[in-house]
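**Student:** Mind looking over this structure? Questions follow.
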């Protein structure tokens, strides 16, 4: 097959570098996220560029598979994707910009497409992989991590919840690891990512450029042959760094956030003290919401989970006028950078159940839901 190239220019300012680069080499469609100064945080334009490329290649018989990577200021790899563009979310959430609604609807639709993609989708998860970066990688047929991988769903730090299908993939981690990752937002490396079912294979970062190039130079009889070729390129993953698996299950299986925090605060040891202190910094309301989210999601398919999360995000930005935990959390972390969010309620113990349950009431009837077309 002759080499073809396309570039989806997803920006709106004068003559910037394209934020999503695409090309076809051999039998593979290649995507490079190209917003390195923002650690490839996803804009609405990037979501649309990714969706456009994936839909074209889905229906192109000459494209057998898709591979995606990030870029950093020194070149490709090194930073996959740090999440969504939280400055945009703050501006749009503060002003009622309708593009905020479009962003989440289209991002979640993209997440669903990746999970259901009929061709192997290979995510090179080198460097930072957080939030929205997890959304465009967790549905991959092959999720490759390296010694530089730093993976997290840190949304409770900004008064949000682990969206982009986070309820679905975190709730399927072993034991109660999903609750721990979702509530604390802790960062894990390659070994733990594989152990927790959030990655499939390990490769040294120095091998990625050659692997990326070789992928487009091979001829594969079918998708199974492509996967078998990849399997010859992996090396043994390093041991996980989390030594507190028993403690995670012990504390994060408790029935509610107050019980979890109280037990941690009464426990001995540095891990328990650190974990309790971390939870005390997060949005009290969103901790309660997130625990409910993860536990509900265990009984949901992906499409229903994404519809639930779409409901939740509407509540986060629009249904508590003047009281958005998310707008306040982003302000404190990324805009004013005073790192002193004014959470409401201020204490974990003061969150009323009715406040939590409101996040799970859909603002739309089923026939009008913005994700009603998604199916498992």
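**Student:** Residues in the stretch 128-143 that are over 21 Å from residue 309 (Cβ atoms) and free of Cβ contacts under 8 Å to residues at least 60 places away in the same chain: how many? If you could, list the steps in order and put the result at the bottom.
**Tutor:** Here is the first cut: in the stretch 128-143, the residues over 21 Å from residue 309 (Cβ atoms) are 128, 141-142.
Next, only the ones that are free of Cβ contacts under 8 Å to residues at least 60 places away in the same chain stay: none.
Within the stretch 128-143, residues that are over 21 Å from residue 309 (Cβ atoms) and free of Cβ contacts under 8 Å to residues at least 60 places away in the same chain number 0.
**Student:** For the stretch 311-327, check the following and say yes or no: at least one residue is closer than 25 Å to residue 168 by Cβ, in contact with a helix residue (DSSP H, G or I) (Cβ under 9 Å, 6 or more places away or on another chain), part of a loop (DSSP other than H, G, I, E, B) and in contact (Cβ under 8 Å) with a residue 40 or more places away in the chain.
**Tutor:** Yes, some residue in the stretch 311-327 is closer than 25 Å to residue 168 by Cβ, in contact with a helix residue (DSSP H, G or I) (Cβ under 9 Å, 6 or more places away or on another chain), part of a loop (DSSP other than H, G, I, E, B) and in contact (Cβ under 8 Å) with a residue 40 or more places away in the chain.
**Student:** Looking at 358, 368, 354, which one is without any contact (Cβ under 8 Å) to a residue 60 or more places away in the chain, under 13 Å from residue 289 (Cα atoms) and surrounded by fewer than 11 Cβ atoms within 10 Å (Cβ to Cβ)? If you could, list the steps in order and put the result at the bottom.
**Tutor:** On the way: 358 fails: surrounded by fewer than 11 Cβ atoms within 10 Å (Cβ to Cβ); 368 fails: under 13 Å from residue 289 (Cα atoms).
The match here is 354.
**Student:** Here's a follow-up. With respect to residue 48, determine if the residue is touching a strand residue (DSSP E or B) at 6+ places or on another chain (Cβ under 7 Å) and modelled with pLDDT of 95 or more.
**Tutor:** Details: touching a strand residue (DSSP E or B) at 6+ places or on another chain (Cβ under 7 Å): no; modelled with pLDDT of 95 or more: yes.
No; evaluated as a whole, the condition is false for this residue.
**Student:** Further, regarding this structure: Restricting to the stretch 89-126, count the residues that are surrounded by 24 or more Cβ atoms within 10 Å (Cβ to Cβ) and closer than 20 Å to residue 213 by Cα.
**Tutor:** 6
**Student:** Go through the stretch 131-142 and count every residue that is in contact with a strand residue (DSSP E or B) (Cβ under 6 Å, 6 or more places away or on another chain) and surrounded by fewer than 24 Cβ atoms within 10 Å (Cβ to Cβ).
**Tutor:** 3
**Student:** Among the residues of the stretch 337-349, is any part of a loop (DSSP other than H, G, I, E, B) and over 19 Å from residue 157 (Cβ atoms)? Walk me through how you get there before you give the answer.
**Tutor:** Step one: filter the stretch 337-349 for residues part of a loop (DSSP other than H, G, I, E, B), giving 337-347.
Filter once more, so that each one left must be over 19 Å from residue 157 (Cβ atoms): none.
No: zero hits.
**Student:** Being more than 20 Å from residue 162 (Cα to Cα) and loosely packed, with under 15 Cβ neighbours inside 10 Å, is that true of even one residue in the stretch 308-321?
**Tutor:** Going through the stretch 308-321, the residues more than 20 Å from residue 162 (Cα to Cα) turn out to be 321.
In the following step, the residues that additionally are loosely packed, with under 15 Cβ neighbours inside 10 Å were identified as 321.
Yes.
**Student:** Right, next: Could you check residue 259 against (1) farther than 16 Å from residue 184 by Cβ; (2) modelled with pLDDT of 95 or more; (3) loosely packed, with under 15 Cβ neighbours inside 10 Å and say which number it fails?
**Tutor:** The single condition residue 259 does not satisfy is (1).
**Student:** Could you pull out the residue among 355, 300 that is assigned to a loop (DSSP other than H, G, I, E, B) and on the phi < 0 side of the Ramachandran plot?
**Tutor:** On the way: 355 fails: assigned to a loop (DSSP other than H, G, I, E, B).
The unique qualifying residue is 300.
**Student:** Which condition does residue 247 not pass, out of (1) surrounded by 16 or more Cβ atoms within 10 Å (Cβ to Cβ); (2) within 30 Å of residue 303 (Cα to Cα); (3) free of Cβ contacts under 8 Å to residues at least 40 places away in the same chain, if it passes all the others?
**Tutor:** (2)
**Student:** Here's a follow-up. Go through (1) in a loop (DSSP other than H, G, I, E, B); (2) closer than 22 Å to residue 362 by Cβ; (3) touching a residue at least 60 places away in the same chain (Cβ under 8 Å) one by one and return the number of the condition residue 295 breaks.
**Tutor:** Among (1) in a loop (DSSP other than H, G, I, E, B); (2) closer than 22 Å to residue 362 by Cβ; (3) touching a residue at least 60 places away in the same chain (Cβ under 8 Å), the lone unmet condition for residue 295 is (1).
**Student:** Moving on to the next point. Any residue that is modelled with pLDDT under 90 and either within 29 Å of residue 147 (Cα to Cα) or touching a helix residue (DSSP H, G or I) at 6+ places or on another chain (Cβ under 8 Å) (or both) - is there at least one of those in the stretch 58-74? Before the answer, list the steps.
**Tutor:** Going residue by residue through the stretch 58-74, those that are modelled with pLDDT under 90 are 73-74.
Imposing the further condition that a residue be either within 29 Å of residue 147 (Cα to Cα) or touching a helix residue (DSSP H, G or I) at 6+ places or on another chain (Cβ under 8 Å) (or both) reduces the set to 73-74.
Yes, there is a match, as at least one residue in the stretch 58-74 is modelled with pLDDT under 90 and either within 29 Å of residue 147 (Cα to Cα) or touching a helix residue (DSSP H, G or I) at 6+ places or on another chain (Cβ under 8 Å) (or both).
The values are calculated or read from the model by the stated rules, or taken from the named source; none is laboratory data. Everything numeric here is computed off the predicted structure, so don't read it as measured data. Here the Cβ is made from the backbone with ideal geometry for all residues, glycine too, and neighbour counts use every protein chain on show.
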